[in-house]
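Read through the structure below, which is laid out as structure tokens, and then see the notes.
Computed from the coordinates by the stated procedures, all read-outs in this text should not be read as laboratory data. Every value quoted in this text rests on a predicted model; they were computed, and no experiment measured them. Positions of Cβ are backbone-derived with ideal geometry, glycine not excepted, and every protein chain shown enters the neighbour counts.
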Amino acid sequence: MQPSAANKKQLVEPFYELSCHNCPVLDCSVLRHCTQDCLEKIDKLKKVVGFFKGQRILLEGNPARGVYFLLQGKVKLFKTDVRGQEVIIRFAKPGDIVGLSVNTERPENEVSATAMEDTMLCHVNHDAFVELLNSDAKLAFELLRFYRAELHKTEMRSLKLATMTVQEKVADALVTIYEAYGAEGKQRTLCLELSRQDIGNLAGTTKEQVSKVLTDLKNKGMIDTNGKQIDLINLSALMQLAGLA
DNA sequence: CCATTAAAGTGGT
DNA sequence: ACCACTTTAATGG
């Protein structure tokens, strides 16, 4: 089932897919509160799918295949603007839900998604999931809560993109990554390695500006960089820069 | 080991 | 912010 390294990149479909009825019941944030009956239904319907790092999971505009619950790994959710430039919407972590379309007649992916690491997701067919939403009010409510929180974050970020300086936006992007995936060790090494381009796409700037701001912050002792590895040495100073203090 | 390519960094406009 | 150029790192024979 494991493809060779040579054809990894060409893969569009998940490298791994199976019906998995004896996996432990999902412990995703949204599903934690739904009824036993509902969990059993999901358990029967679900398929576990895997994607390699760098693989595309969703392509915006394509028909939505259903809903994905992120089990393991990290996923970048983004839109592509008129110039073909990526705009990063958010980073998903285990427990998050990805790929839900609100259009019930002709469901379409509203965002694109790629795996930042080897990733495992749990897939539930779109129509079946909508049916479950209709039958389990608690599930629907949890979903509402989840997207309400996401919407709030997105609103805050679009406000920032419009008003902040480049340095502030990059600092904010670093804090955003930290809040999404955390950091390891005393040095607070970010648990996600992004290209300068990706950081730019998150901060609403260019990769060149990101390079410059990063060396600037490094000289000020707020961060340390080693290739794509970034240490948040002075987190509170960064948060202050980002207006989060 | 070297050659090719992609990404990072830098300076000028 | 954008472009052009240099440097560095990663990849593959």
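Order these by the 10 Å Cβ neighbour count, fewest first: A:His126, A:His33, A:His152.
A:His152, A:His33, A:His126
Would you mind giving the three semi-axes, in whole Å and largest first, of the ellipsoid equivalent to region A:164-241 according to its Cα gyration tensor?
In descending order the semi-axes read 17, 13, 12 Å.
Net charge within 9 Å of A:Arg196 by Cβ-Cβ distance, Lys/Arg positive one each and Asp/Glu negative one each, not counting A:Arg196 itself?
0
Between beta-carbons, use under 15 Å as the cut-off and find the net charge around A:Ala237, counting Lys and Arg +1, Asp and Glu -1. All intermediate terms of the calculation are to be shown ahead of the outcome.
On the way: positive: A:Arg188, A:Lys218, A:Lys220; negative: A:Glu168, A:Asp172, A:Asp216, A:Asp224, A:Asp231.
That sum, taken over residues with Cβ under 15 Å, equals -2.
Taking H placed 1.01 Å from N in the peptide plane, check which residues at least 5 places from A:Asn234 or on another chain put their amide H under 5 Å from its amide H.
A:Ile223
Take A:Ala140 and A:Asp81, extend 7 Å from each Cα along the Cα→Cβ direction, and tell me the distance between the two endpoints in nm.
Modelled inter-label distance: 3.7 nm.
Less than 16 Å from a label point 7 Å out along the Cα-to-Cβ axis of A:Ser211: which backbone N atoms in region A:75-102 qualify, by residue?
none
Measure off 7 Å from each Cα along the Cα-to-Cβ vector at A:Glu179 and A:Lys44, then give the distance between these two points in nanometres to one decimal.
Those two pseudo-labels are separated by 4.1 nm.
Sort the following peptides by mean Cβ neighbour count (other Cβ atoms within 10 Å, averaged over residues), highest first: A:163-175, A:48-60. Walk me through the intermediate numbers first.
Numbers: A:163-175: 20.7, A:48-60: 18.0.
Result, highest mean first: A:163-175, A:48-60.
Could you list, bin by bin from short to long, the percent of Cα-Cα pairs of chain A in 10 Å steps?
Percent of Cα pairs in each bin: 7, 29, 33, 22, 9, 1.
Below 8 Å between Cα atoms, with a sequence gap of 6+, how large is the relative contact order for chain A in percent?
Computed value for chain A: 17 percent relative contact order.
About the Cα centre, and with charges only on the beta carbon of Lys, Arg (+1) and Asp, Glu (-1), how big is the dipole of chain A? Nearest 20 debye, please.
Using Cβ point charges on Lys, Arg, Asp and Glu, chain A gives about 580 debye.
Of the listed pairs A:Lys169/A:Lys212; A:Lys46/A:Lys76; A:Lys76/A:Lys153; A:Lys53/A:Lys160; A:Lys41/A:Lys76; A:Lys41/A:Lys138, which have alpha-carbon separations greater than 18 Å here? Each step should come with its number before you reach the end.
Working: A:Lys169/A:Lys212 13 Å; A:Lys46/A:Lys76 22 Å; A:Lys76/A:Lys153 15 Å; A:Lys53/A:Lys160 30 Å; A:Lys41/A:Lys76 29 Å; A:Lys41/A:Lys138 15 Å.
Among A:Lys169/A:Lys212; A:Lys46/A:Lys76; A:Lys76/A:Lys153; A:Lys53/A:Lys160; A:Lys41/A:Lys76; A:Lys41/A:Lys138, the Cα-Cα distance tops 18 Å for A:Lys46/A:Lys76; A:Lys53/A:Lys160; A:Lys41/A:Lys76.
For region A:36-103, state the semi-axes of the equivalent ellipsoid (square roots of 5 times the eigenvalues of the alpha-carbon gyration tensor), sorted largest first and rounded to whole angstrom.
Computed over region A:36-103, the values are 25, 14, 11 Å.
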